[in-house]
1. Using θ = phi - 60° and the Karplus relation 6.51 cos²θ - 1.76 cosθ + 1.60, list the HN-Hα couplings for the stretch 66-74 in order, rounded to whole Hz, with x at every Gly or Pro.
2. What is the calculated FRET efficiency for Asp72 to Asn149, with r their C-beta to C-beta distance and R₀ = 22 Å, to the nearest 0.05?
3. Using θ = phi - 60° and the Karplus form 6.51 cos²θ - 1.76 cosθ + 1.60, what ³J(HN,Hα) does each residue of the stretch 77-92 get, whole Hz, x for Gly and Pro?
4. Could you give the nm distance between label points at Arg48 and Ala105, where each point is 7 Å from its Cα heading toward the beta carbon?
5. Compute the distance in nm between two label points, each set 7 Å from the Cα along the Cα-to-Cβ direction, one at Lys139 and one at Arg114.
6. In whole percent, and with a 1.4 Å probe on the protein chains, what portion of the accessible area of the stretch 3-184 is carbon and sulfur?
7. Any idea of the accessible area per residue across the chain, 1.4 Å probe, to the nearest Å²?
8. Would you mind computing, in nm to one decimal, how far apart the modelled labels at Lys64 and Ser16 are, each placed 7 Å from Cα along Cα→Cβ?
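The values are calculated or read from the model by the stated rules, or taken from the named source; none is laboratory data. The structure presented is a predicted model; accordingly, all values stated were derived computationally and were not measured. Cβ placement follows ideal geometry from the backbone for every residue including glycine, while neighbour counts extend to all protein chains displayed. Accessible surface areas use protein heavy atoms only, side chains included; no ligands, DNA or RNA. Shrake-Rupley method; radii C 1.70, N 1.55, O 1.52, S 1.80 Å.
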Amino acid sequence: MSAILGLLQRDHSNISRLLRVLEGQLADFETSDPVDYDTVIDILDYCRSFPDRYHHPLEDRVLKVLQVRDRDAAERVGDLAGQHDALAAETERVLRLFLDARKGAAIPRDDLRRAARDFVAHYRQHIEAEDAFFFPAAKKALREEDWENLQNAWDGPADPVFGDREQEHYRRLRREILTEHRSTGTR
Ligand SMILES: [Fe+2]
């Protein structure tokens, strides 16, 4: 399997882990008072600074090659860039909401919960659709040289949470993920 496709699939599994952690925080919203907003904010901040900036643009580039190699399959994938823009806008909107709440704005807890729950649902739907059709179609249609070209043009950084050198900024989030790993046995 191409290294680029492996990278994209690993990103999906990392993002899915974060969505599970986010869901766990939402369960706390039902019971605890006051709410700890930091983990939710860190996850949304990560989505803005890594998937939105590097993962989604790389997928957009893969789709451009798929359009050349298999136009029908690319059409079935649809407007991936538009979906990515919508996810980025939603990420930004929900992040603002939680940042305001953390600063003390009077935002009903139900509104926060609903916004975060919708965010998780939309991200999951998007990832599942890519895993189910886009990645297999790319794997089938792209040639070795296409993957090599994508690889050579790729200049993204290591993942700031899951990479070998996590960023200081995400150290707390990394601890949350390890806790989730221990409590569920998932990875
Ligand atoms: Fe993706």
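1. These are the phi-based 3J(HN,Hα) values: 4, 4, 7, 7, 8, 4, 4, 4, 4 Hz.
2. Efficiency at R0 = 22 Å is approximately 0.50.
3. For the stretch 77-92, the Karplus-derived couplings read 5, x, 8, 5, 4, x, 5, 5, 4, 5, 5, 5, 5, 5, 4, 4 Hz, x marking Gly and Pro.
4. 1.2 nm
5. It is 3.9 nm.
6. For the stretch 3-184, the apolar C and S fraction of the accessible surface comes to 46 percent.
7. Value for the chain: 55 Å² per residue.
8. If labels sit at Lys64 and Ser16, their model points lie 2.9 nm apart.
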